[in-house]
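Chemist: Quick one: the structure is below, and I'll ask about it shortly.
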Amino acid sequence: MFVFCHKTNLNPSLWTFPVPDVAKTTAVYGMIQNPFGKEVSIVSLESNQYKTVELHKMEIDKEGIKRMRKIDFPILLQPNELIHLERGGTHLMLLDKQNRNEKLIITIQYSNGKIEKQEVEKKSL
């Protein structure tokens, strides 16, 4: 039986726009897929460049104003379920930039103990 602890995605499915060095936050888009054949939860998201990574969802409030809402962990995923991360919709919010000298990596910790690392591609506007 083969068990992996760290899996790095060679075909990045996460991306962001380049931001100025002084920016302390950024959003990440793309998709996260449950790579397992059974139900699993995302228990945490981390970054090598930002102190905090949150999953946010855009919702329209009672007054008709679109607002971001943080989605708390754990985030349940059905087998092979995809989370589509889109501008104006669900996205990863990276907060409190710590460094900018490395490639941006998002680490996904699953409830089954597996860890997946995804490099975030930078796309221009």
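Chemist: Name the pairs whose Cβ atoms lie under 6 Å apart, with the first residue in segment 85-97 and touching a residue at least 40 places away in the same chain (Cβ under 8 Å), the second of a type in the set (G, A, S) and surrounded by 12 or more Cβ atoms within 10 Å (Cβ to Cβ), and 6 or more positions between them or separate chains?
Modeler: Going by the 6 Å Cβ cut-off, the qualifying pairs are L85/G30; H91/A27; M93/A27; L94/S47.
Chemist: If I ask for residues that are of a type in the set (D, E) and at pLDDT below 95, which ones from segment 48-72 would you list? Lay out the reasoning, then the answer.
Modeler: If we filter segment 48-72 for residues that are of a type in the set (D, E), which is where we start, we get 54, 59, 61, 63, 72.
Scanning segment 48-72 gives E59, D61, E63.
Chemist: I would also like to ask the following. When only residues in segment 90-125 that are exposed (fewer than 12 other Cβ atoms within 10 Å of the Cβ) and among the small types (G, A, S) count, which is modelled with the highest pLDDT?
Modeler: The selected residue is G113.
Chemist: Scan (1) without any contact (Cβ under 8 Å) to a residue 60 or more places away in the chain; (2) surrounded by 16 or more Cβ atoms within 10 Å (Cβ to Cβ); (3) farther than 18 Å from S13 by Cβ for the single condition F73 breaks and write down its number.
Modeler: Looking at each condition in turn, F73 falls short on (2).
Chemist: Quick one: which residue in K57, K24, K70 is farther than 23 Å from S111 by Cβ and among the basic types (K, R)? Don't jump to the end; show me each part of the working.
Modeler: Values: K57 fails: farther than 23 Å from S111 by Cβ; K70 fails: farther than 23 Å from S111 by Cβ.
Answer to the check: K24.
The values are calculated or read from the model by the stated rules, or taken from the named source; none is laboratory data. Note that the structure is a prediction, hence the values are computed from the model and not measured. For neighbour counting, all protein chains shown are included, and Cβ atoms are generated from backbone atoms with ideal geometry for every residue, glycine included.
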